[in-house]
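Reviewing the structure listed below.
Every number here is computed from the coordinates shown, using simple stated rules; none is lab data. All figures in this text were calculated on a predicted structure; none of them were measured in a lab. Here the Cβ is made from the backbone with ideal geometry for all residues, glycine too, and neighbour counts use every protein chain on show.
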Amino acid sequence: MIEKISLYSKSRVNNPAFYFTVENYIVKAGLGSILDKVKAEERLSFDDGLVLYNSNDILALGYLANLVRNRMNADNAYFIYNQHINYSNICTNLCKFCAFGREKGADLAYEMSVEQVKEKVRDRLAEPITEIHMVGGIHPDLPFDYYLELLRGIKEVKSELHIQAFTCVEIAHLSDLVGKSIEQTLEILIDAGLGSLPGGGAEVFSPRIREITCEKKLPGKDWLEVAKIAHKMGMKSNATMLYGHIETMEERLEHLSALRDAQDETDGFLAFIPLSFHPKNTEMSDLSRTTGIDDLKNVAVGRLFLDNFPHIKAYWVMIGPQMAQIALSFGADDMDGTVKEEVITHMAGADTDQAIGSTTLVRLIKEAGRVPVQRDTLYNVIETHN
Amino acid sequence: MQFAEVIENVLAGERISDEEFLMLEAQADLHQLGFLADSIRKRKHPQKVVTYVIDRNINYTDICISACKFCAFFKGPEEKDGYLLTFDELGEKIEETKALGGTQILLQGGLHPGQPLEYYEEMLTFMKSRGIHIHGFSPPEIHHFSELSGQPVPVVIERLIAAGLDSIPGGGAEILTDRVRNLTAPRKCSADQWISIMEESHRQGLRSSATMMFGHVETSEDRLEHLRRLRELQDRSGGFTAFIPWPFQPQNTVLADLEKTTAVGYLRMLALSRIYLDNFDNIQASWVTQGPKVAQLSLSFGANDFGSTMIEENVVAAAGISFRLSEQEIRRLVSDAGYTPAQRLMDYTLLA
């Protein structure tokens, strides 16, 4: 048997002379004042963010983001053993950047019964799954009870599962549906088994972008309001940004600023997850896919600007396991999880797999020179793979 | 030797020793390798230009007696479904290439057991008559032609040049150590033979590229020996235009149970190559194996060339990898990274 010899080493040198050289280079690249702030752990301004977004010096951005990443998360790179379930793609919003949503009765439109969802969970009971990640469209006529039954049904199959379900957009819809406040609606959902909220539906908060791409969707300020209410009730959630379509750098930063302000207020966000736009099969299919540099830039700027977010996730389903692995040196400390059955991005032509084995994740992380840490939804450590 | 000294030496533009290479490989992190490689790249190419070539791979046959364990492309001579392209087919492919703005053909094939040297001479003469640069016949093929014809290598090269050969691709280098070749490709030409064929072709005035296929059974020392032999030959001949490292693609090969090199592993090796091969002007990114995103990033890890548009590619595709990139897409990726894209010829002169 032929044995593979690793290209990698575990021992990496922290050499002051080298960092001095690199920092000179960063100063020459015009990023000296940002470097100073990063080292002094000072908050970056809006204009700093613009300078970063407008720089093509990805090595410098990566170096800066890595300083923050290492300070906040040391060498840890997190992943979760999770299962995605998209209960329905029937949606009244029909956002232009979405290849997943369908009108009721349209081709490829589907909705799962509660029993079907339970079956999906049951099918994988043998696996060490700790989280169900469940989102769907804004369905025109499923009753409120359906959503409660989904939560209760999953818990019936395996009570210890954490259910991270329903974006802020869905929560606002459910609140309308049941005719109760966001807070009252969340209370009922929590009672039925809801554990935390995923970060989807944020897109780009800018009213200009929403008017052009998703005019029927919950406005950005309301999205933030739902997240903050959830946080104030003790619930955790994530935040995303869909980049790489028609947004400007200023709009990206306004989005990040709004998230940072909200986090200052509630401290309820766990992770920021930049999502790369996938144009295929959408109404914006004439746009190009994001480039590797833009993917890394969004990770790096996210890490640098969102100084109050504990985690930055490189979501491999969106940017591919290769880029997600590289991103672990450019600000990210989380690769999401095993996923399985991801539908939303794949309907938009993602060429990534729909699942990844935990052994592959562990290997990618180790070869990136990091320590793989299997976590639960709330970032409690389940197992460290030294 | 201290790590700090190695870094100082690299940044001062000095050649690194083998010991220093091993130290960097073992101890430097991804950022350190990136900055070092990028500093060399900037010194060698102060203009922010990234080049690419428009060409087509033509694999004239997939019938091969070499049966390398890392290859998903070949058919054994005993298999029924191997192919050998006709001259008509070659002609058609050349016309298509020219119509797409292509300037050269990358001509490579398996080690076919049945064709005499005269056949390849005719092939070159025929292709050359269509008016295109022929970048063809890697050292294992030239070695094979020499064995079959009984003619010494210098004569074979002379005859191929006379028939129209313009330059030689760097394929078939794999890992240039006999230990690795015995394990994976025992019937292919040896490391010494590969080097001496390149040296002879450089002596006769041909330029060539050099490659390395890593991430299979080789050790760190094997990779170093490979780079050392290339650097030594380049010191003697100066005939190499570029170095192109790419990771082994295991799918559909005898070695399919090996793990594929990750993107970080690729970028590290790319940067290490840029640092070690101080006498190579150009380092090429491998979008064919890495895809457009990682290939774009490789421009920050030592690469200054995006390779070819590859109107046709068969060998990596046989290992289940099928990225496609148009010229327009290559130009977009290069521009987005902050460089000016420029179409080049085989010898890296730019098209006006």
Practice task
With everything on Cα atoms, drop me the angle between helix B:117-128 and the longest principal axis of chain B, reported from 0 to 90° to the nearest 10.
Solution key: 70
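Rounded to the nearest 5, what % of the DSSP beta bridges within the protein assembly as shown are antiparallel ones?
Working: 7 of 63 bridges.
Of the beta bridges lying entirely in the protein assembly as shown, close to 10 percent run antiparallel.
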Fill in the blank from the handout: Counting other chain Cβ atoms within 10 Å of each Cβ in A:49-62 and taking the mean gives 3
Handout entry: Partnerless cysteines, meaning none of the other Cys C-beta atoms lie under 4.7 Å away, in chain A
Key = A:C91, A:C168
Exercise for the section: Out of all DSSP beta bridges with both ends in chain B, state the antiparallel percent to the nearest 5. Expected result: 5
Exercise for the section: Sort largest first and round to whole Å: the equivalent ellipsoid semi-axes of segment A:177-328, each the square root of five times a Cα gyration tensor eigenvalue. Expected result: 26, 18, 15
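Give me a single rounded figure for B:337-343: the average over its residues of other chain Cβ atoms within 10 Å of their Cβ.
Across B:337-343, the average partner-chain Cβ count within 10 Å equals 2.
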Practice task
Calculate the spin-label point distance for B:T219 paired with A:E119, positioning each point 7 Å from the Cα along the beta-carbon direction, and give it in nanometres.
Solution key: 5.6
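Compare the peptides A:137-146, B:266-275, A:118-127 by average per-residue count of other Cβ atoms within 10 angstrom and give them in order, highest first.
Details: A:137-146: 17.0, B:266-275: 26.8, A:118-127: 14.1.
By packing density, highest mean first, the sequence is B:266-275, A:137-146, A:118-127.
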Problem - Approximate spin-label separation A:L378-B:E199, in nm, with each point projected 7 Å along Cα-to-Cβ - result: 6.9
Fill in the blank from the handout: The residues A:L52, B:L206, B:L333, A:L108, sorted from fewest to most surrounding Cβ atoms within 10 Å, come out as A:L108, B:L206, A:L52, B:L333
Problem - Rg/Rh for segment B:106-234, where both radii come from Cα atoms and Rh is the Kirkwood radius - result: 0.98
Problem - Calculated P(r) tail over 26 Å for chain B, as whole % of Cα pairs - result: 47
Handout entry: Cα centroid separation - segment A:341-374 against segment B:285-352, whole Å
Key = 25
Handout entry: FRET efficiency for A:D261 and A:N54, using Cβ-Cβ distance with R0 set to 22 Å, rounded to 0.05
Key = 0.45
Problem - Ranked packing of A:363-375, B:207-219, B:253-265, A:173-185, most packed first, by mean Cβ within 10 Å - result: B:207-219, A:363-375, B:253-265, A:173-185
Exercise for the section: For A:T360 paired with B:K69, estimate the spin-label separation in nm (one decimal), with each label point 7 Å from Cα along the Cα-to-Cβ line. Expected result: 2.4
Practice task
For an R0 of 56 angstrom, estimate the FRET efficiency from the Cβ-Cβ distance between A:S45 and B:I161 and round to the nearest 0.05.
Solution key: 0.30
Practice task
Measure nothing but the geometry: give the 0 to 90° angle between the long axis through the Cα atoms of B:191-203 and the longest principal axis through the Cα atoms of chain B, rounded to 10°.
Solution key: 80
Completion exercise
Relative contact order of segment A:191-254 (C-alpha contacts under 8 Å, at least 6 apart) in percent is 49
Problem - Segment A:K158-A:M233, extension gain: residue separation times 0.36 nm, minus the distance between their alpha carbons - result: 24.5 nm
Handout entry: Evaluated over the protein assembly as shown, the Cα radius of gyration and Dmax, each in Å
Key = 27.7, 90
Handout entry: Potential lengthening between B:T125 and B:V254 on full extension [0.36 nm per residue; Cα-Cα distance subtracted]
Key = 42.8 nm
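If R₀ is 30 angstrom, what is the calculated FRET efficiency for the pair B:L351 and B:T86, using the beta carbon separation as r and rounding to 0.05? Don't skip to the answer; put the middle values down first.
Working: r = 31 Å, r/R0 = 1.03.
With a Förster radius of 30 Å, E is 0.45.
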